[in-house]
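The values are calculated or read from the model by the stated rules, or taken from the named source; none is laboratory data. Nothing here was measured: the structure is a model prediction, and the numbers come from that model. Cβ atoms come from the backbone with ideal geometry, glycine included; neighbour counts cover every protein chain shown. Keep in mind that these areas ignore ligands, DNA and RNA; they rest on the heavy atoms of the full protein, side chains included. Shrake-Rupley method; radii C 1.70, N 1.55, O 1.52, S 1.80 Å.
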Amino acid sequence: MTRPDFMGLALTEAKAAAARGEVPIGAVLSLGGAVIARAGNRTRELNDPTAHAEMLVIREAARTLSSERLTGADLHVTLEPCAMCAAAISFARIARLYFGASDEKGGGVVSGVRFFAAPTCHHVPEVYSGIAESEAAALLKDFFRGRR
């Protein structure tokens with residue numbers, strides 16, 4: 001049995017977000033090789049500044065698994081998480097974070113505040129960056145180019 005292409009699924013969610021007029025960011029949360037939750041940004045649709053793709057999949061997975069701890073889970077996201085999402089990833093005890101493009105302006109993992117490096121961070125996931133980076137970056141560039 002082959003494992004799903006988690007970043008490919010996250011990119012599909014990002015494209016769907018763009019089609020809805022949302023910033024094209026997608027996320028997939030998996031556990032044991034199975035998809036538990038997938039989502040794209042919905043901040044505009046829900047009028048909710050916290051409705052980032054990462055937050056939506058963390059919320060859905062926590063409901064599905066009936067636990068606020070997502071120990072052992074993997075999170076694939078098309079863009080480097082912001083500080084808010086990095087904090088949620090830490091609080092949920094997600095084991096591994098995979099992301100596509102870095103976000104020099106709003107990132108909170110390898111850019112900006114570098115949340116996981118803060119002494120107040122209680123849980124640090126394994127972090128893998130640059131997964132499908134060029135496709136994720138192109139989605140964002142195309143989206144914003146069309147709005148300018």
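Apolar share of the accessible surface for the chain: 53 percent from carbon plus sulfur atoms, 1.4 Å probe. How far is the Cα center of segment 55-82 from the Cα center of segment 36-51, in Å? Cα centroid to Cα centroid, the span is 13 Å.
Segment E126..R63, full-extension length gain: 20.3 nm, with 0.36 nm per residue of separation and the alpha-carbon distance subtracted. Each helix, a run of at least 4 DSSP H residues, gives -39500 (n - 2.57); summed and divided by the residues of the chain, these come to -10500 deg cm²/dmol at 222 nm. Largest to smallest in accessible area, the residues T120, T78 fall in the order T120, T78 (1.4 Å probe, all protein chains included). Accessible surface for the chain, divided over its residues, is 51 Å² per residue with a 1.4 Å probe. When peptides 130-142, 59-71 are sorted by average Cβ neighbour count within 10 Å, with the highest value leading, the order is 130-142, 59-71. Considering only Cα atoms, the convex hull volume of segment 1-86 works out to 90 Å³ per residue.
For semi-axes √(5λ) of the Cα gyration tensor in Å, computed directly from the structure shown, the correct entry in [x] 22, 18, 15; [y] 25, 23, 17; [z] 29, 18, 16 is [x]. For segment 47-102, taking the reciprocal of the average inverse distance between every pair of different Cα atoms yields a Kirkwood hydrodynamic radius of 11.4 Å.
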